[in-house]
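Taking it in order: structure first as structure tokens, then the write-up.
Each value in this text was obtained by applying a stated rule to the coordinates, not by laboratory testing. These figures come from a predicted structure and were not determined experimentally. As a convention, Cβ positions derive from the backbone with ideal geometry for all residues, glycine included, and neighbour counts pool all protein chains shown.
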Amino acid sequence: MTSSKESVIEHLQPLTTTIKQRFVSDFTGNDDTFRDILTYHWTLNGTNTSGMLDEINGGYEITPAAGQNVILYTNNIRQFNYNASAFIVSTSAHGGNPNRAECSFGFSGSNEFSGIPVGSESKACFEQDSIYNYFSGCTSQGTGETITALGTFTFYDGNLHICKGETKASSCEFSHAGILGCVITSNLPDSKMQPAYEVRNIGAGTDGAKGRIQYFEAWNT
Amino acid sequence: MTYGSFYEITNPLTTVTGTRFVEWFGGQGQIPDRWKRHDVAGSGNAWADQWGLHIETGSGSSNNTQLDFGNDARHFNPVGAKTIGIIRKITAENVFIDGGFKDGYGDDNNQMSFCHIEEYSSLDGIYLMTGASSSSSTNTGVAEDEHFHQYEIELTASNNNMKLDGTLVATKTDNLPTTKTQPAFKILTRTSAAASGIIQYCEAWNT
């Protein structure tokens with residue numbers, strides 16, 4: 001049932017509750033380098049050819065150079081809680097076969113997702129290696145790493161997927177298409193994090209390894 | 001009832017939604033960064049004022065200016081999308097202002113679906129104007145004026161329809177757009193004087 005409210009925020013919480021950090025990035029609009037996507041919210045790091053994709057539901061397409069990692073992140077402005085936050089991402093991954101590619105997204109304390117974050121930083125993210133692992137949830141506090149598959153489906157199918165991750169007091173939960181896929185209780189993040197989205201062209205192939213991000217919402221719970 | 005996320009206000013997490021955005025046209029300065037101004041003819045301008053985004057044509061006859069996504073991100077489906085906008089023409093006479101979807105920009109009426117508010121000669125009125133390789137308009141019967149109007153345009157495979165201020169006022173089945181589109185606004189002066197209007201809100205999504 002549809003019900004109108006006086007404000008957008010009241011669709012999310014009553015005004016008796018303190019409004020916490022939240023942002024929504026919709027990845028549509030003109031492709032000038034000064035547009036808000038790369039000015040106010042995000043920094044793009046790594047050798048790449050990227051930009052708005054001029055297609056229906058195109059979003060922002062990130063294409064790493066061969067053998068390169070490219071990450072979209074908030075330049076280490078880490079406003080999200082390690083044990084009380086959530087994110088929703090709509091994205092698709094392309095290429096990476098027969099050569100390896102990896103797509104990772106969610107929260108990170110550093111400027112990359114691969115392996116255990118350096119500097120004792122944390123992460124709570126989805127990740128998929130195009131030829132090895134199933135689509136997985138992944139956590140780290142900077143000293144160890146836990147990777148748990150959500151299921152046996154392949155994320156690298158070129159279709160849009162809607163994914164939600166939550167950090168809680170004693171677990172991190174990862175859902176796909178509204179269905180809880182895995183709950184991780186080890187190597188949980190223990191420090192502040194930022195939204196991030198990374199594409200790695202691991203195999204240095206020219207098979208079109210790329211990620212398309214259409215929506216990123218993050219908030220503290 | 002509250003929702004778990006902004007996403008879930010409009011879609012459940014079991015549904016992969018298409019592109020959606022909301023532009024409030026608030027704040028100071030120039031054009032919000034996702035938009036690009038095209039001076040199709042003449043030298044127009046756009047700036048924030050107390051009403052929203054003020055858009056103005058050049059001062060030559062038929063000078064016109066369009067605001068769109070720069071043809072970089074035509075993320076909207078010509079047979080499955082909606083847009084809501086609030087526009088107003090400030091100039092009373094010899095002017096039109098449009099809001100809706102268009103695939104490109106220029107002095108043509110191709111590949112578009114616009115709420116068209118015009119005061120000029122016998123063309124006074126508010127129309128739903130659509131175009132594919134050629135264009136046509138349906139008069140809603142609502143008189144043009146200098147007030148804010150809220151339109152909702154829906155693109156489907158069989159028709160384009162338009163609600164004006166909450167009421168369904170036009171349905172068109174001819175000259176429907178067929179190519180990917182972007183949100184767009186346009187203003188044109190019919191005389192040798194600059195014409196201006198206001199854009200206050202735009203929301204668009206694939207259905």
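Observations, loosely collected:
- Under 12 Å from the Cα of B:LYS36 - aspartates and glutamates, other chains or at least 8 residues apart: A:ASP31, A:ASP32, B:ASP68, B:ASP72
- The range A:69-221 - Rg over Rh from alpha carbon coordinates, Kirkwood radius: 0.93
- Debye equation applied to the C-alpha atoms of the range B:23-206, log10 I(q)/I(0) at 0.13 Å⁻¹: -0.57
- Computed 3J(HN,Hα) for the range B:36-42, one whole-Hz value per residue from the Karplus formula 6.51 cos²θ - 1.76 cosθ + 1.60 where θ = phi - 60°, is 10, 8, 10, 8, 5, 8, x, glycine and proline marked x.
- When only the Cβ of Lys, Arg, Asp and Glu is charged (+1, +1, -1, -1), the dipole of the range B:16-126 relative to its Cα centre reaches about 460 debye.
- ³J(HN,Hα), Karplus 6.51/-1.76/1.60, whole Hz, each residue of the range B:23-33, x for Gly, Pro: 10, 8, 6, x, x, 8, x, 9, 7, x, 5
- The label point for B:GLN28 and the one for A:THR47, both projected 7 Å from the Cα toward the Cβ, are 4.2 nm apart.
- Pairs with C-alpha atoms separated by more than 32 Å, drawn from the list A:LYS164/B:LYS186; A:LYS164/A:LYS210; A:LYS5/B:LYS89, are A:LYS164/B:LYS186.
- Fewest-first sequence of B:THR138, A:THR16, B:THR130, A:THR43 by Cβ atoms within 10 Å of each Cβ: A:THR16, A:THR43, B:THR138, B:THR130
- Pairwise centroid distance, computed over Cα atoms, of the range A:65-123 with the range A:1-33, Å: 24
- For A:LYS168, the lysines whose Cα comes closer than 26 Å to its Cα, not counting residues fewer than 8 places off in the same chain, are A:LYS20, A:LYS123, A:LYS192.
- Neighbour net charge for B:ASN139 - beta-carbon separation under 13 angstrom, K R +1, D E -1: -2
- Rg and Dmax of the range A:109-183, Cα atoms only, in Å: 12.4, 35
- Hull shadow area, averaged, the range B:108-150 [alpha-carbon convex hull, nm²]: 3.3
- If you sort the three axes of the alpha carbon gyration tensor as a ≥ b ≥ c, you get a/c of 1.5 or more for the protein assembly as shown and a/b above b/c, which makes it prolate.
- Vicinal HN-Hα couplings computed from phi for the range A:188-197 (Karplus, 6.51 cos²θ - 1.76 cosθ + 1.60; Hz; Gly/Pro x): 6, x, 9, 8, 4, 9, 10, x, 7, 9
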